[in-house]
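First the structure, in the form of structure tokens, and then the observations on it.
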Amino acid sequence: MSMPSLDFFRSSPATETLRVESEPPGADARTAEGQSCRTPCELTVPSGGDIAVTFALNGYQPTTVPVHLEAPVGAPGEAAPARLQP
């Protein structure tokens, strides 16, 4: 008889929703982790760290934008959302 797995006690890593837009819209946005979408769109990214999003659209030079997670700011005991910059 085998022991049951305790994996269900492990919490999944915290994530944030990153709203991605471009001018003009319709660019392919891709993270280094392999997530991608066509702008305007949203990506679910891990909390606590920096990521980079690369934008590509025919007729335009690809560009990479670093995104930094800012710690939530709020009164003690008050829930505040994290901010992704820029």
- prompt: In segment 46-67, which residue that is open to solvent by 50 Å² or more (accessible area, probe 1.4 Å) and at pLDDT below 85 is nearest to T17 (Cα to Cα)?
  reply: P46
query: Based on what the data block shows, is L43 open to solvent by less than 90 Å² (accessible area, probe 1.4 Å), under 15 Å from the mean Cα position of the chain (by Cα) and at pLDDT below 90?
result: no
query: Filter segment 9-21 for residues that are at pLDDT 85 or above and assigned to a strand (DSSP E or B); which is most open to solvent (accessible area, probe 1.4 Å)?
result: R19
- prompt: Out of segment 22-54, which residues are outside any loop (DSSP other than H, G, I, E, B) and touching an Asp or Glu at 6+ places or on another chain (Cβ under 7 Å)?
  reply: S36, R38, V45
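The values are calculated or read from the model by the stated rules, or taken from the named source; none is laboratory data. Bear in mind that the values here come from a model prediction, so they are computed numbers and not experimental data. All Cβ positions, even for glycine, are placed from backbone atoms using ideal geometry, and neighbour counts span all protein chains on display. These accessible areas exclude ligands, DNA and RNA; they are computed on the full protein's heavy atoms, side chains included. Shrake-Rupley method; radii C 1.70, N 1.55, O 1.52, S 1.80 Å.
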